[in-house]
Structures are given as C-alpha cells and as structure tokens.
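The values are calculated or read from the model by the stated rules, or taken from the named source; none is laboratory data. Quick caveat, the model's predicted, so the values are computed rather than measured. Cβ: placed from backbone, ideal geometry, glycine included. Neighbour counts: every protein chain shown. Surface areas here come from the heavy atoms of the whole protein model, side chains and all, with no ligands, DNA or RNA. Shrake-Rupley method; radii C 1.70, N 1.55, O 1.52, S 1.80 Å.
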Amino acid sequence: MDSAVPDFQPRTFSIKLWPPSESTRLMLVERMTKNLSTESIFSRKYGLLGKEEAHENAKRIEDKCFASADEHFKAEPDGDGSSAVQLYAKQTSKLMLEVLKKGPGITTETEAPVIDTALEVADTVFDISGGTRAFIEAEEAKELLSPLTKPGNSYKRICFSNRSFGIGAANVAGPILESIKTQLTEVDLSDFVAGRPEDEALDVMRIFSKALAGSVLRYLNISENALGEKGVRAFTELLKSQGDLEELYVMNDGISEEAAKALSELIPSTEKLKVLHFHNNMTGDEGAMSIAQMVKRSPNLESFRCSATRIGSDGGVALAEALGTCTRLKKLDIRDNLFGVEAGVALSKTLPKLHDLVELYLSDLNLENEGTLAITDVLKQSAPQLEILEMAGNEITAGAAKRLAECLTAMQSLKKLTLAENELKDSGAVTIAQSLQEGHPDLKELDVSTNMFQRSGARCFAQAVANKPGFVLLNINANFISEEGVDEVKEILKDGRNSLEVLGPLDENDPEGDPEDDGEEEDGEDDEKDGNDNGLGLKLQDMKVEED
C-alpha cells in the first residue's frame, strides 16, 4: 500500500519596507533639524541655520522626498519597498546639502545676494571633503589644491577630511600649506590617511605637521586617524606650536594611556580652549589622568566630551575633580564609561560649580541609585536651567524615583529627557510622569523605553506629554504594555494637543511580559493580568489631560 507523502512547501514571507510610519517620518525630521542647525564645516562656510528655520526646511525636505519615494513605490506595487527607501534616503541627503550650501535666511527670491555672499565666503573656506571617499596621489593633489596656490587668496579655513593622502600627495600639499599657514585659523585633518599602511600614514602626518607648524589656529580636528601614541607624536611640531586653540577634536583616534599623556605634554597651553572632544577612544583610567590635567588647564572650556573612552572609577573621579575648574561649561558628555557610584558621587561635588550647564549626558555610567541621587539632589538646586538630561542605562530603580522626580520638577527648562534602559517599573514611572505633567513647556523629547513598566506607567507618560506645546517624541518602546494599555495611550494622545504623531515605535513592546520581581518595586505595582491598579490608583487620580 502506497503511503501518501504530503508535499510541504516552504512558506514565503513578504516584508514591506515602505511606507515608513508617521513616527519614523517625524524622527527623521527631527534628526535633519538637528543636523541642519548644528555647527559643521558647512556652517562655517555658509552660515548656521537657526532651529526654527532648520525645522521648516527639514519638514519641507521630508514631505517632498516622501512624496517622490511614494510615487516610486506605487509604480512597483510588487516590490518590498527597498528601492523606495533608498530613493527616500538619497533625496533627503541631497536636499539637506543644498539647504546647507544656501545658508541661513536665503530664498530663491533673493538670488542676487546669494551669489555675492557665496563668493565672499567661498574665498575663506577651502573644503575637499565632499564627493567619494578616495585616495589622493600627487597629480590629483596638484590639481585639487591649486586654488590654494593663487596669489592673494584669503583662505582661512581648510578641510581635507574624507580624502586619503599618500606620500606623493602629502609632498605636494606640504609646501602649499606652509605658504599659507600664517593666514589659517581652522584646519580639519580628520580621516585623511584612511587605508594607508602605518608607516606611510605616520610620514604623511609628519609632513602636514611640519608644514603647519607655527600657524595660529583656533580650530584643529585630527579625529578618525587611528593615531595612537605614534600618531600623536607624528603631529609634534604642529601641536607644540599651538597656544591659542579654542577647539580641539581627537575622536575615534585610538587614544590610549600613552597617547593621552603625549597629547597633554605636547600642547603648550589650553587656556583658551572652549571645546575639547575625545569621544570613542581607549583611554582608560591612566589616560584619564592625563586628560584631567588638560582639563584643569582649560578654565574657559564650554563643551567637554569624553564619552566611550573606557574610563573607570579612578579616572572618573580624577575627571570629575578636574572639571571643577571649568566654571563656564555648558555641555558635558561623559556617556558610556565605567564610572560607578564613587565617580558619580565625585561628580555631584563638582556640578554645583557649573552654573552655565545646559546639556548633561550621563548615560551608561553604572551610577545605580546612589550615584544617580547624589547627582540629581545637587542638580535640583544648582541646574534648574538644564535643557538636556540623559541618564539611560544606570540601573535606576523605583526606589530612586521620588527624589529624581523632585529634581525634574525643578528643571522647568528641560527640552529632552532620557531615562531609557533603567528599572523604573510602574510605580517609578508614575512618579516620574507626575513630575513632568505640570509646567515643562519646552519639553520636546521623552525617552523612557526599556524600563519594565506596564499599562499604568505608559498611560501616565502619555498624559504627561499629551498637551505639551511643541512636543515631538514619546518613546515608551521595549516595555510590558498590554494591548489595552497601548490603546489607552493612543486615545490619550489623540485627545491631546499633539495627536498620535508624537508616539514612537512600539515594535519591541512585549504585551505579555512581566517585570521581574526583584524586591525593588514598591507596593501597589500594577497587575495587568488581573486588571487591577492597586495602590497606583491613588497616584493616577491626579493625572489629567486638559485642553488649554
């Protein structure tokens, strides 16, 4: 007897990449706004857009590119949308570049002034960073750098980023740079030896260093060059001659303990330094000691970034103490290090001295409740003007929520708050949300994703932001919000001033998930399975959504 064998066919799944959700489109607009209004080589060349003008341009660009990509997608109804996504991304980048090159306050109606302004500014900025990232050899360098050889040129700012110089090209560039070095004020040599063998790269750096030695620069960027100690010392002649630097960028450069020590030794003076950025290096505790010495000698520092640099407790304490001399600091970014509680407590002793601080990035520092509260307790008194506070990934639990909320209540100028990847759970979430509901008229972004809260916490955060004027993004993703809870959040936002557009993606939300019972949660945790709010009902009764 023949047995029938079922003919199983593998299932095929079709994933549509287009169209993007409203929240994704909104986030793209905000990212473009930030890029258009943040200082860059383009803003130095063409002028910096204000945030309002940047936002208007970003919205116009996104609308135009979405419409174009959507038409493309409709012409390929059987496709997965990947080509539409590529077109969307390509067009937005292209139009952003056009806006940057037009500069602020320039429209098609003022065509004549645009030409005059562009010519005037172009004479002071020489930038070869656009186009394809590629090697440059001697012949191309002669042609590419020929504008710098014209008698009487007035170039003050040069950017050689994104082009890889070999020995031949460097030998061409060296004499040219030496001939104009006395007029230069800004030099960007980031990512200018990519893909070159180490010995060649070091020789190129020495050639550029010798050529530029003696220039009086206010801005120097040598990021993205995998310097290490050898690379830093290859720039010895240039660094030793710089006593007037106002901005120094050494990011993603392999700055080890030895490299940090060399950098600190070589620069004769950092007294005028306003911006010092060391992001993404392997500095460690010993290297942090050298950086701390530079910081101590930089009383005029306004922006300090030392994120993702593998600094532990000892280095964190040294940096925290050194920052006490930087009383003009406006932006402090030390994210993604291994500070721990002790360094957090040390930082709390420094923060009251930083009266001008407006942006503070303290995510992923292993602060725990003790370190967090030491910091927020002093911020409550010393930094009510803070506009950005990020404390994600610090193991903050519901036990710290009350005092943290008191700090947030005092910060009425907050524009962005990030508390993602902590352990607030429902009781902590409700407490934090209550502190944000009243006031905070400038709040635009709130990220409380991955905090193990459920329906009650989600509902309270929605109520807290539903009627904030200008609010743009609520991220409550990767929590344990039931389907009913998600529906409630959407209804709250729909009924508020800002509508559903402000709600971020919920693709990682787990409706069936339960917060771990680790003993940290206060009594009255929301029990979604039973549909009971327990003690949270008392906290929720004052949370209202009211139309102005």
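Take Ile176 and tell me if it is β-branched (Val, Ile, Thr) and more than 17 Å from Thr124 (Cβ to Cβ). Write out each step before concluding.
Working: β-branched (Val, Ile, Thr): yes; more than 17 Å from Thr124 (Cβ to Cβ): no.
Taking the combined requirement at face value, the residue does not satisfy it.
Put simply, of Pro147, Pro175 the only residue that is assigned to a helix (DSSP H, G or I), open to solvent by less than 60 Å² (accessible area, probe 1.4 Å) and either farther than 27 Å from Glu247 by Cα or not basic (Lys, Arg) (or both) is Pro147.
If I filter segment 296-303 for residues that are small (Gly, Ala, Ser) and part of a helix (DSSP H, G or I), do I get at least one hit? Write out each step before concluding.
Initially, segment 296-303 is screened for residues small (Gly, Ala, Ser), giving 298, 303.
In the following step, the residues that additionally are part of a helix (DSSP H, G or I) were identified as none.
Scanning segment 296-303, I find no residue that is small (Gly, Ala, Ser) and part of a helix (DSSP H, G or I), so the answer is no.
So that you can scan it fast, the table gives a plain yes or no per residue for (1) touching a Cys at 6+ places or on another chain (Cβ under 8 Å); (2) under 18 Å from Arg163 (Cα atoms); (3) of a type in the set (D, E, K, R):
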site: Val216; (1), (2), (3): no, no, no
site: Ile222; (1), (2), (3): no, yes, no
site: Gly254; (1), (2), (3): no, no, no
site: Glu257; (1), (2), (3): no, no, yes
site: Glu265; (1), (2), (3): no, no, yes
site: Glu271; (1), (2), (3): no, no, yes
site: Val275; (1), (2), (3): no, no, no
site: His279; (1), (2), (3): yes, no, no
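Among the residues of segment 423-443, is there at least one that is within 17 Å of the chain's Cα centre (by Cα) and either open to solvent by 10 Å² or more (accessible area, probe 1.4 Å) or not hydrophobic (A, V, I, L, M, F, W, C) (or both)? The answer is no, given that none of the residues of segment 423-443 is within 17 Å of the chain's Cα centre (by Cα) and either open to solvent by 10 Å² or more (accessible area, probe 1.4 Å) or not hydrophobic (A, V, I, L, M, F, W, C) (or both). Flag: Ser161 matches the condition of being out of contact with any Cys (no Cβ under 6 Å at 6 or more places or on another chain), surrounded by 16 or more Cβ atoms within 10 Å (Cβ to Cβ), hydroxyl-bearing (Ser, Thr, Tyr) and in contact (Cβ under 8 Å) with a residue 40 or more places away in the chain. If you go through segment 296-315 and keep only what is under 17 Å from Tyr249 (Cβ atoms) and open to solvent by 10 Å² or more (accessible area, probe 1.4 Å), you end up with Asn300, Glu302, Ser303, Arg305, Ala308. Looking only at segment 375-391, residues that are within 14 Å of Glu421 (Cα to Cα) and surrounded by fewer than 22 Cβ atoms within 10 Å (Cβ to Cβ) come to 1 in all. A Cβ distance below 7 Å, combined with a sequence gap of six or more or placement on separate chains, defines the contacts here; from segment 489-500, residues that are over 18 Å from Asn479 (Cβ atoms) reach residues that are surrounded by 17 or more Cβ atoms within 10 Å (Cβ to Cβ) and of a type in the set (Phe, Trp, Tyr) in the pairs Asn498/Phe471. When Thr409, Thr372 are checked against the criterion of being in contact with a helix residue (DSSP H, G or I) (Cβ under 7 Å, 6 or more places away or on another chain), open to solvent by 50 Å² or more (accessible area, probe 1.4 Å), on the phi < 0 side of the Ramachandran plot and among the hydroxyl-bearing types (Ser, Thr, Tyr), a single residue qualifies: Thr409.
May I ask you to verify whether Gly195 is on the phi > 0 side of the Ramachandran plot, open to solvent by 10 Å² or more (accessible area, probe 1.4 Å), part of a loop (DSSP other than H, G, I, E, B) and in contact with a helix residue (DSSP H, G or I) (Cβ under 8 Å, 6 or more places away or on another chain)? Against the criterion (on the phi > 0 side of the Ramachandran plot, open to solvent by 10 Å² or more (accessible area, probe 1.4 Å), part of a loop (DSSP other than H, G, I, E, B) and in contact with a helix residue (DSSP H, G or I) (Cβ under 8 Å, 6 or more places away or on another chain)), Gly195 does not qualify.
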